[in-house]
Structure formats: C-alpha cells, structure tokens
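Just below is one structure, and these are the notes that go with it.
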Amino acid sequence: MQTLEKLGFVQIRQRGSHLILKKQFISKEGKINQVGCVIPMQRKTLAVGTLKNILNQAGVSLEEFLQNLQ
C-alpha cells in the first residue's frame, strides 16, 4: 500500500477488509482520467497472483513497483 501511495495513489475508502485506492492523471489528450485498485488487508503477505492483479488494476508494471518499493 505504501508503495502505491508513493506512486500517487490515494486512499478513497475502506470497506470491511478491503482498501480502495485511486489515482488521477491527465491523459495526452488533456482529459482527466482515474485508475483504481482494491487491496485486501486481511493478511500481512499477499499471494503472487493477488499482487499481480492489484498491479494490473492499478496500471503499474512490476519493474515500476519494485523501483518504488521501500
């Protein structure tokens, strides 16, 4: 979650054990777009497939994520 926040994502809300993050950005055409992702908070560690799905939802590559990992 902290790494996604470093990448510009903001916590919008939490519903039960799931955290919803969103990021706004301006496209090349000048439109304001949003991308969001849902992070399950019930465990300390995430399964590899779950992490890949979160990064896919967020539009973040694995390399970009690893570069910003603390």
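Points to keep in mind about this one:
- Proximal lysines to LYS31, defined as alpha-carbon separation beneath 30 angstrom and excluding residues fewer than eight positions away on the same chain: LYS6, LYS22, LYS23, LYS52
- Axis angle, to the nearest 10 degrees, between helix 48-58 and the longest C-alpha principal axis of the chain: 20 degrees.
- Per the Debye calculation on the chain with a single equal scatterer at every Cα and no solvent contribution, log₁₀ I(q)/I(0) for q = 0.14, 0.26 Å⁻¹ amounts to -0.43, -1.33.
Rule-based calculations on the coordinates, nothing more; no lab input. Just so it is clear, the structure is predicted and the values come from calculations on it, not from any experiment.
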